[in-house]
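Here the structure is laid out as structure tokens; the discussion comes afterwards.
Since every read-out is calculated from the coordinates, none of them should be taken as a lab result. Just so you know, these numbers come straight off a predicted model, no measurement behind them. Neighbour counts run over all protein chains shown; Cβ positions are idealised from the backbone, glycine included.
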Amino acid sequence: MTPHYKLIYFNARGRAEHIRFIFAYAGIEYEDERISREKWPELKKKMPFGLLPVLEIDGKPVAQSNAIARHLAKQYGLAGKTEWESLQCDVLVDALGDLKQVLWQLRTEQDPIKKEERKVKLMRETIPFYLQKFETIVADNNGYSVGNDVST
Ligand SMILES: N[C@@H](CCC(=O)N[C@@H](CS)C(=O)NCC(=O)O)C(=O)O
């Protein structure tokens with residue numbers, strides 16, 4: 001039987017959108033609870049690590065966006081067909097995490113000169129580097145990221 005899922009996050013895509021994509025693709029119903037900034041300080045104290053997203057599975061709270069996504073991907077056949085394919089999925093998730101980290105550093109840089117330098121490096125080097133890698137992987141897999149099927 002499908003568990004009762006409640007996804008708790010802010011009203012944003014952020015670290016929850018890949019989880020929503022999995023639910024949508026797998027056709028699984030879930031509660032999409034979006035927390036307002038006003039309600040967050042009180043709720044924060046009750047969350048497993050004081051951060052969101054949290055997925056409640058039959059009332060049990062689970063933290064960490066990628067752990068949640070990986071669990072759901074396994075449940076709904078989106079985590080690769082073999083251990084090797086699952087490993088390739090994890091590699092891509094972590095590579096995207098590295099890119100997101102660089103984007104975050106740019107977003108939070110306070111010094112205007114350093115910010116501009118980061119922006120130029122990102123546009124000229126980092127993004128083309130990752131896009132080229134991802135394009136090669138997809139081209140080598142006949143249009144899929146991993147194996148010959150949809151995965152997350
Ligand atoms: N590693 C965690 C990071 C979670 C995280 O940083 N969540 C942010 C929103 S994207 C948050 O809850 N911020 C509110 C706060 O720090 O109080 C994950 O991937 O779930």
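Worth a mention:
- Residues within region 9-56 that are of a type outside the set (Gly, Ala, Ser), more than 10 Å from the ligand (Cβ to nearest atom), more than 14 Å from residue 71 (Cα to Cα) and outside any loop (DSSP other than H, G, I, E, B), tallied: 7
- Any chance residue 69 is under 30 Å from residue 141 (Cα atoms) and within 16 Å of the ligand (Cβ to nearest atom): yes
- Beta carbons closer than 8 Å, at least 6 apart along the sequence or on distinct chains, pair a first residue in region 51-67 that is closer than 19 Å to residue 36 by Cα with a second that is of a type in the set (Ser, Thr, Tyr) and near the ligand (Cβ under 6 Å from one of its atoms) for 53/65.
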